[in-house]
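These notes concern the structure reproduced below.
Read the figures in this text as sums done on the coordinates, not as results from a lab. Fair warning: this is a prediction, and the values are worked out from it, not measured in the lab. Positions of Cβ are backbone-derived with ideal geometry, glycine not excepted, and every protein chain shown enters the neighbour counts.
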Amino acid sequence: MKKYLAQHNAVNILELQTSLDRFREYYNTIRPHRAIARNTPQHAYTLIPKAAPTRPDAPDS
């Protein structure tokens, strides 16, 4: 991120936020990561089973 932001000099907070948003989008959806088999974090996240709500147990009688 330091290298990315060094190339995009922000002169105000709005430009900085825009640069950070672009970096986050690139990092999570485009750039492959070695630690997750050259997949993007977004792709790896979609492969993980998601928790779902469960029904409460029936009250004991």
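Points to keep in mind about this one:
- Considering residues of the range 15-42 that are in contact with a helix residue (DSSP H, G or I) (Cβ under 6 Å, 6 or more places away or on another chain) and surrounded by fewer than 14 Cβ atoms within 10 Å (Cβ to Cβ) only, the residue nearest to Lys3 (Cα to Cα): Thr29
- Failed item in (1) part of a helix (DSSP H, G or I); (2) over 18 Å from the mean Cα position of the chain (by Cα), with Thr54 passing the rest: (1)
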